[in-house]
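Below: the structure, in structure tokens.
The values are calculated or read from the model by the stated rules, or taken from the named source; none is laboratory data. Note that the structure is a prediction, hence the values are computed from the model and not measured. Ideal geometry is used to build each Cβ from the backbone, glycine not excepted, and the neighbour counts take in all protein chains shown. Heads up: the accessible areas ignore ligands, DNA and RNA and are worked out on the full protein's heavy atoms, side chains in. Shrake-Rupley method; radii C 1.70, N 1.55, O 1.52, S 1.80 Å.
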4 protein chains.
Amino acid sequence: MRRCAWRRDSRRPMIRNTRHARVEWGDCDPAGIIFYPRYFEMFDSATTALIEHALGMKKIEYLKAYGFAGHPVVAARARFRLATRFGDDVSIETALVECGRSSFKVEHRLSKGGALAVESLETRVWVGRDAGDPTRIVSQPMPPEIVARFTKGGVTATG
Amino acid sequence: MRRCAWRRDSRRPMIRNTRHARVEWGDCDPAGIIFYPRYFEMFDSATTALIEHALGMKKIEYLKAYGFAGHPVVAARARFRLATRFGDDVSIETALVECGRSSFKVEHRLSKGGALAVESLETRVWVGRDAGDPTRIVSQPMPPEIVARFTKGGVTATG
Amino acid sequence: MRRCAWRRDSRRPMIRNTRHARVEWGDCDPAGIIFYPRYFEMFDSATTALIEHALGMKKIEYLKAYGFAGHPVVAARARFRLATRFGDDVSIETALVECGRSSFKVEHRLSKGGALAVESLETRVWVGRDAGDPTRIVSQPMPPEIVARFTKGGVTATG
Amino acid sequence: MRRCAWRRDSRRPMIRNTRHARVEWGDCDPAGIIFYPRYFEMFDSATTALIEHALGMKKIEYLKAYGFAGHPVVAARARFRLATRFGDDVSIETALVECGRSSFKVEHRLSKGGALAVESLETRVWVGRDAGDPTRIVSQPMPPEIVARFTKGGVTATG
């Protein structure tokens, strides 16, 4: 995997995005705190927002434009540092931290009132429809144009 | 953290459980595959089933019996190896792999047709209500009786 | 709309199915009871199970076999009579109660310990891909073979 | 049930609220359209927002302030007129249309690009903890102050 950037490397700008969300009643469990799979739902939306921002088009458009089927997660990890509860307003800072030939990594940092509540790192692959069976998906190289956009602003692929 | 067991250590039995589930239409996204936060929902239910099995009572009963508020996840990681689709029948093997003073680790291995599709490891803490503010939760030591049950069958805490 | 059956009409057999489910921790809200949208998730799975039974194939297969895109809900209503809580085992009796040219109605009765907890009625349409724009869906007549199976006498399945 | 307002009765102001939401990838099913239980999740959040506006406090605060356990839905119905897809921006107009002694009705109208996509009516009850068993909930009269706020003339909020 070609490393293209790491978010804490201050010399290298990279694509990033910040979103705001509210933890809702229905996101919470009988202990009154968020049911943790809801964080992964928020992160999936945050990654989509990041890519939409980078490509300048909505997901439904970029799926068509580049003839691909999605960018499913193949690995994810998260640390839940502070509990959040219904009514909490949170912000999610999302950054592309690495990109390879057919996969990329995205980091999310979710904060509440300025304090880091959750951090997560996910690896996604670029997939298309299988030529032999269009109901199946297979990983495929990311188009050079996408890589260029993902690494824009000096976040160059380094080989 | 006292190590009590590691699942691949064949000399040591430990608590484990297997569940069966079906991936439903509503669990899947427009690419036709499962939306990955749904796996964490399945794993949460699987952990509950494991503990219910170990303690011989339902969660609603063990929360009351031990006066605690839950066992939220503080860290989770997963690898998604094979995509699953609506209608797929999967089995989830769940094992307690480590337990400490106020936390424990649980591993899940989800298979489809005998092939490993997802593996996940989660760390959970034992929490109670804060004495000063009952709407807040705080971690607390696991009762010795719970530790004994979790490490039953030779899965002894090793210090 | 051609009436094909009404479940309380004892002279007319119809297709029906019963499923069993458990209300999980993650299905419940901070009041400790199920978050009601989860019932609609259960009902959607129950309708799929009913149709799979009637047609003798899985949804992924019948979508291919009949070249259609799904059977989305166009109207739904429900009465929530008894609250259910995490750990509750419920059973869902599902019956096709009416079928028309391109739509059909399904009734669900969810019980807990023999007591009716929720009843719901939904109307679904049979849809295919729009010829001009395959990303769009349009309602279309149900194949006669499907109607025949849906209105078949005495098709009572359990499981 | 005392009628306090009906939204189409132009002589009577009532409380109402408008929210904006985006249909996300994870809200959609393999047909590429929203999985309909997600609408009920949106509506639950919209009702909370309406009440928070009317009472001038967050749900977590008003549950404490009025010593109650929530306002669960006892009946709901919806018509889904237009499909929505991932990336669609929708607006939800929510209005309190009736209030009684221990229950109230809320109407939601969800639009996409100015066109009505979904309309829904829900009945909710005001519940507290059962004195004999605090894990159970029971309906109770709404405090007069709440009724006064809910039926206050001209309380039209947006946001």
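Kindly express, to the nearest 10 degrees and within the range 0 to 90, the angle between helix A:37-55's C-alpha long axis and the longest C-alpha principal axis of chain A. In chain A, helix A:37-55 runs at an angle near 40 degrees to the longest axis.
Interface residues of the stretch D:15-29, defined as a loss of at least 10 Å² in heavy-atom accessible area between the chain alone and the complex of all protein chains with a 1.4 Å probe, are D:Arg19, D:Arg22, D:Glu24, D:Trp25, D:Gly26, D:Cys28, D:Asp29.
For chain A, what is the relative contact order in percent, using Cα pairs closer than 8 Å and at least 6 residues apart in sequence? After rounding, I find 33 percent. Solvent-accessible area of chain A (1.4 angstrom probe, protein heavy atoms only): carbon and sulfur portion equals 48 percent. Kirkwood radius for the protein assembly as shown, taken over all pairs of different Cα atoms as the inverse mean of 1/r, rounds to 26.1 Å.
If R0 is taken as 56 Å, the Cβ-Cβ distance between C:Lys152 and D:Arg109 corresponds to a FRET efficiency of 0.90. Rolling a 1.4 angstrom probe over the protein heavy atoms with all chains in place gives the stretch B:73-159 an accessible area of 41 Å² per residue. Can you compute the charge dipole magnitude of the protein assembly as shown about its Cα centre, using +1 on each Lys and Arg Cβ and -1 on each Asp and Glu Cβ, nothing else charged? Give it in debye, rounded to the nearest 20. I would put it at about 40 debye.
Rounded to the nearest angstrom and listed largest first, the equivalent-ellipsoid semi-axes of the stretch A:112-151 from its Cα gyration tensor are 33, 16, 7. Summing +1 for each Lys or Arg and -1 for each Asp or Glu among the other residues whose beta-carbon sits under 9 angstrom from that of B:Trp25 gives -3. Under a Gaussian network description of chain A, with springs only between Cα atoms under 10 Å, the residue in A:Val138, A:Val147, A:Val97 that fluctuates furthest is A:Val138. Evaluated at q = 0.11, 0.13, 0.21 Å⁻¹, a Debye calculation over the C-alpha positions of the stretch A:73-140 (equal weights, vacuum) places log10 I(q)/I(0) at -0.40, -0.51, -0.85. Selection among C:Leu96, C:Val73, C:Thr47 by position relative to the dipole of the stretch C:41-121 gives C:Val73 as farthest towards the positive end (Cβ unit charges, Cα centre). Only Lys, Arg, Asp and Glu carry charge here, each on its Cβ (+1 for the first two, -1 for the last two); on that basis chain B has a dipole of about 600 debye about its Cα centre.
Dimensions of chain A along the principal axes, based on C-alpha atoms and rounded to the nearest Å, stand at 47, 43, 25, largest first.
A compact globular protein would have a Cα radius of gyration near 2.2 N^0.38 Å; the ratio found for the stretch B:14-84 is 1.33. Contact residues in the stretch C:80-107 (at least 20 Å² less accessible area with all protein chains than alone, 1.4 Å probe): C:Phe80, C:Arg85, C:Phe86, C:Gly87.
Taken as Cα centroids, the stretch A:16-71 and the stretch A:80-124 sit 11 Å apart, rounded to the nearest whole angstrom. Mean residue ellipticity at 222 nm, helices only, the protein assembly as shown: -6500 deg cm²/dmol; runs of at least 4 DSSP H residues each add -39,500 (n - 2.57), and the sum is divided by the number of residues. Dipole check for the stretch C:41-107: with +1 at the C-beta of Lys and Arg, -1 at the C-beta of Asp and Glu, and the Cα centre as origin, the magnitude is about 240 Debye. Mean-square fluctuations from a GNM of chain B, with a 10 angstrom spring cutoff on Cα atoms, peak among B:Met14, B:Met57, B:Met42 at B:Met57. Summed over both chains, the accessible area lost when A and D associate is about 1500 Å², using a 1.4 Å probe. Largest mean-square fluctuation among A:Thr123, A:Thr47, A:Thr135, in a Gaussian network model of chain A whose springs join Cα atoms under 10 Å apart, belongs to A:Thr135.
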